[in-house]
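The values are calculated or read from the model by the stated rules, or taken from the named source; none is laboratory data. These numbers were taken from a predicted model, which means no experiment stands behind them. Virtual Cβ from ideal backbone geometry, glycine too; neighbours counted across all protein chains shown.
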Amino acid sequence: MLFDSTLRKELARGFGATLVVILTIVITMMLIRTLGQAAVGAVAPADVVLLMGYTALGHLPTMLALSLFIAIVVTMGRMYRDSEMAIWFSSGVGLVRFTSPVLRMSWPVLLVVAVLVLAVWPWANRSSAELRDRYEQRSDLSRVTPGVFQTSRDGSRVFFIDKASDEAMNARGVFVLSRTTDAESLTSARGGQLVSIGEDRFLVLDRGQRTQLDHKTGERTLASFQRYQILAEEHHVRRASVRSPKTMPTIDLIRDPSLRHQGELTWRLGQLFGAVNLTLLGVALAATNPRRATNWNLMFALMGFVVYYNLISLSQAWVSGGRLTFGAAMLFVHGGVLVLALGLVWWRDHGTAWRPWPAARAA
């Protein structure tokens, strides 16, 4: 039918354009934040692109739902302003009739959102956490990038390597500043090498000097050395015994219905149900008066989106804290929004406040 095909094509074009804009903005913000984390040593510089990809996959369901919601509101709002809706209403096509092509266009997007939330979201969080833990649990020296000052995990030492040799374990121009409550030492050497002795690993420095200041007595000592050995405190990567609910598969959350797991399940299902409710809510909030030059309905729609998704986050916190049960959270939040969306659609279809052109009634 011409009505269905025209509306679906216009919605698809609007959804694609909106998604490109939102993806560009969000990915740019993620890139800036990830580069900042790499600059302070929170993540490995080589893992920036990979970590940004995992983060983008985690936020993609929200971006898809927002893009679909904006596309529905903007497309149908334009039809109101251009009096196309008046023609359809006069032809006997009510607003309820618009929900069918909207849902037909939206179901592939909603299916992608379901797969991302239920399967890809925990995998992306788990992979991202493993990247961070692997980098965080490396030794202090192995985290040092040539030409960059690097602080140890506990903040007691600062490393600097002027240049790394072809071999990964060797370095030239090594600088080490160590601080404790009683003393402060500065060690510099022409070269350094990581050496494994038993289960421990040591940084062996060649041809350098060490200056130490005793804070209690104020005594300063200077010593030169041909070979000096420092414990590098290498830690092996260990998998956390207690996994975060964000990294657990959905089936595991269902099998172990603890409060924290129910809270995470509330958030995942809330993302899916929220995307479905937003498609119906967009049809109702798109109504506008063609005599008004401003597009206030889009602003109100975006405010509704923000409030709805904040309620999803609050419901997760309430379920995790035991203040609300899983079923009550799903019923009150998503069931309430569903009733509100259907009620608004019915009111727009049968009321006259927002539609001054009465639909033609079949004889």
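Okay, here's what the table says:
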quantity	calculated
Any chance I161 is modelled with pLDDT under 85, in contact with a Pro (Cβ under 7 Å, 6 or more places away or on another chain) and among the aliphatic types (A, V, I, L, M)	yes
Looking only at the stretch 5-59, and only at residues there that are surrounded by 15 or more Cβ atoms within 10 Å (Cβ to Cβ) and either hydroxyl-bearing (S, T, Y) or not assigned by TED's automatic domain parsing to the domain that holds L116 (or both), the one that is modelled with the highest pLDDT	T18
Of all residues making up the stretch 319-342, the number that are in contact (Cβ under 8 Å) with a residue 24 or more places away in the chain, over 19 Å from I254 (Cβ atoms) and part of a helix (DSSP H, G or I)	6
Cβ pairs under 6 Å, 6+ apart, first in the stretch 169-183 and modelled with pLDDT of 80 or more, second charged (D, E, K, R)	S178/R157; A183/D214
Residue match in the stretch 243-265 (condition: assigned by TED's automatic domain parsing to the domain that holds W123, under 26 Å from L342 (Cα atoms), modelled with pLDDT of 90 or more and part of a helix (DSSP H, G or I))	yes
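Listed here are the residues, each with its yes/no results for (1) exposed (fewer than 14 other Cβ atoms within 10 Å of the Cβ); (2) at pLDDT 90 or above; (3) not assigned by TED's automatic domain parsing to the domain that holds A12.
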{"site": "P108", "(1), (2), (3)": "yes, yes, no"}
{"site": "V112", "(1), (2), (3)": "no, yes, no"}
{"site": "L118", "(1), (2), (3)": "no, yes, no"}
{"site": "N125", "(1), (2), (3)": "no, no, no"}
{"site": "S128", "(1), (2), (3)": "no, no, no"}
{"site": "L131", "(1), (2), (3)": "no, no, no"}
{"site": "P146", "(1), (2), (3)": "yes, no, yes"}
{"site": "R153", "(1), (2), (3)": "no, no, yes"}
